[in-house]
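Below: one structure, written as structure tokens.
The values are calculated or read from the model by the stated rules, or taken from the named source; none is laboratory data. Computed from a predicted structure; not experimentally measured. Cβ atoms come from the backbone with ideal geometry, glycine included; neighbour counts cover every protein chain shown.
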Amino acid sequence: MVMSRAAIRYAKAILETAVSSGNTVKVNDDMLSIVASVAGSAELSEFLSSPIISSELKMSALSEVFAAVQPETKSLFRLLQENKRFEILAAIASQFNLLFDEMNGVQVAKVTTAFPITADLESKVLAKIATISNKKITIENIVDSSIIGGFILRIGDNQYNASVANRLQELRREFSN
């Protein structure tokens, strides 16, 4: 998902509104729901980005799909309708989640593994993270079979590569020298 400057501006504005109304947690839940819904439905994604479908139709569909959202989220929908920018809704929601986590001192650790992460591996990764970060951490698991085994941990700009593929690469370099 490409993060446009517009999406970042909208996300900051919605966060400010939610902070002033003391409703950040519920609006963040709305945004998590929007990200999951758009990511989980190619039809919804295509619908929102289609230039053929009118803003009014998009607005009415979103009002039905997300009927229980907070007033701040509804005001975002109205703003996107006025500006005909529904195609960036998922990017705004995603950016909002990042800003919300940042505001609450939460950092996302991306853990790439060859298979879905187990509870045992998750606890080992969290122990490793505790040695390099003092923030609250949430883990996002990315499955990539090309790393063969082990894991790659990325927090912000730092990366710790404990993958089998990386170790094989290092051995190849050593033998070629």
Subject >> Failed item in (1) at pLDDT below 95; (2) under 14 Å from residue 86 (Cα atoms), with residue 60 passing the rest >> reply: (1)
Original post:
Is it the case that residue 85 is farther than 17 Å from residue 40 by Cα, in contact (Cβ under 8 Å) with a residue 60 or more places away in the chain and not polar (S, T, N, Q)?
Top reply: yes
Original post:
Inside segment 34-62, can you point out the residues that are over 15 Å from residue 88 (Cβ atoms) and in contact (Cβ under 8 Å) with a residue 60 or more places away in the chain?
Top reply: none
